[in-house]
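The values are calculated or read from the model by the stated rules, or taken from the named source; none is laboratory data. Remember, predicted model here, so these are calculated numbers, not experimental data. A quick note on method: Cβ atoms are made from the backbone with ideal geometry, for glycine too, and the neighbour counts reach across all protein chains shown.
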Amino acid sequence: MEKGVVISGFGGQGVMLAGELLAETGKEEGKFVTFLPSYGPEMRGGTANCHVIISDEEIASPIIDHPEAAIILNLPSLDKYEPLMKEDGLIIINKSIVPKEVKRTDVKILQVKAQEVARDLGNEKTMNLILLAAYVEIEKPVSIEGLKKALRTFLTGRKETLIEVNEKAINKGIEIAREFLGVK
């Protein structure tokens, strides 16, 4: 098994945190992992993306030229990665700020008004975890339990108070993914 995902959006949307959580979970579950971050000219507000690969075997390259999955948080990211997607790939889109429709018909598309959902949970900044959890539930590169455990590794000290709302976001992402898959 080898699963790769590109996570892409504006700096400040939690792109790197989502990628690091996924990579940490894979590492803790004894898998081979690569995490390749890339920042635009400005960190906050500029485009940022990361490539994460999780595998049962050694990984040849950390670069994903043609993603089988992408978590898209903004319009420039959709414009960049839609044409590069593998056939039958999965694109998870933050529909809150990506008004454009995907033109390709040979990929699976999950559109989530992630910011509105996160706001309803009590913290708009958790939208990255809603989309990440949906990806994990659909593609299963790691376990959801492992993802929640990794969250506790990253949110320490003052940030510890954010664990509960982030776990709610993960649970909401699972719920959205199960609805997408037609699973109850």
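Could you look through the stretch 51-66, keep only residues that are within 15 Å of the chain's Cα centre (by Cα) and at pLDDT 95 or above, and pick out the one that is surrounded by the most Cβ atoms within 10 Å (Cβ to Cβ)? Out of the qualifying residues, it is Val52. Scanning the stretch 111-139 for residues that are assigned to a loop (DSSP other than H, G, I, E, B) and touching a residue at least 24 places away in the same chain (Cβ under 8 Å), we see that the one that is farthest from Leu73 (Cα to Cα) is Gly122. Scanning the stretch 141-154 for residues that are surrounded by fewer than 18 Cβ atoms within 10 Å (Cβ to Cβ) and either touching a residue at least 40 places away in the same chain (Cβ under 8 Å) or not charged (D, E, K, R) (or both) yields Ser143, Ile144, Lys149, Thr153, Phe154.
Across the stretch 155-170, the qualifying residues are those that are under 14 Å from the mean Cα position of the chain (by Cα) and of a type outside the set (Gly, Ala, Ser), and the one among them that is surrounded by the most Cβ atoms within 10 Å (Cβ to Cβ) is Asn166. Restricting the search to the stretch 166-184, which residues are among the aliphatic types (A, V, I, L, M), out of contact with any Leu (no Cβ under 6 Å at 6 or more places or on another chain) and in a helix (DSSP H, G or I)? Across the stretch 166-184, the qualifying residues are Ile174, Ile176, Ala177, Leu181.
Scanning the stretch 58-91 for residues that are assigned to a loop (DSSP other than H, G, I, E, B) and in contact with a Ser or Thr (Cβ under 6 Å, 6 or more places away or on another chain), we see that the one that is nearest to Glu2 (Cα to Cα) is Ile59.
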